Amino acid sequence: MSDTDESEPVLPEPEPNEDEATSSSVKDLQVGDYILVKFKPKKKAHVHYVGMVLEKADTQWDVIYYRKADVPHDQDSTRVVAFKQPDRREVLATDVEDIVMKLKLKEARKSVILFPNVFKGMLIR
């Protein structure tokens, strides 16, 4: 084992498309808003998840997280990204400082929610 740290390089954060997402202050977010959250695993590139605010507190909010899903056949997969709730609902206390932006919901369907593709260059799960 080597004594040197051979971690993966961290890529610069891409700029979100302001037409499709809002960069409003975190304090302006409300319960029920969809958000993009950045997780910072040790020695790896940042990973982003889509969530919905369930409860607000001072520094940590309860957020339900979604998983990336297949885009419905009647949608253009280059312009829309789909997410679904996992089989097991995941509600996590999330640090306010990890919230990147509020997302604009394009469409909600029975099994998926759709957002305009503002995730170019981001690792989304």
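Just a few scattered comments:
- Selection of the range 69-123 for residues being surrounded by 17 or more Cβ atoms within 10 Å (Cβ to Cβ), touching a residue at least 60 places away in the same chain (Cβ under 8 Å), of a type in the set (A, V, I, L, M, F, W, C) and farther than 16 Å from D33 by Cβ yields F119, M122.
- Taken together, the residues in the range 58-88 that are hydrophobic (A, V, I, L, M, F, W, C) and in a loop (DSSP other than H, G, I, E, B) amount to 1.
We did not get these values from a lab; they are worked out from the coordinates using the rules stated. Keep in mind it's a predicted model, so treat the numbers as computed, not measured. Positions of Cβ are generated from backbone atoms using ideal geometry, with glycine treated the same way; all protein chains shown enter the neighbour counts.
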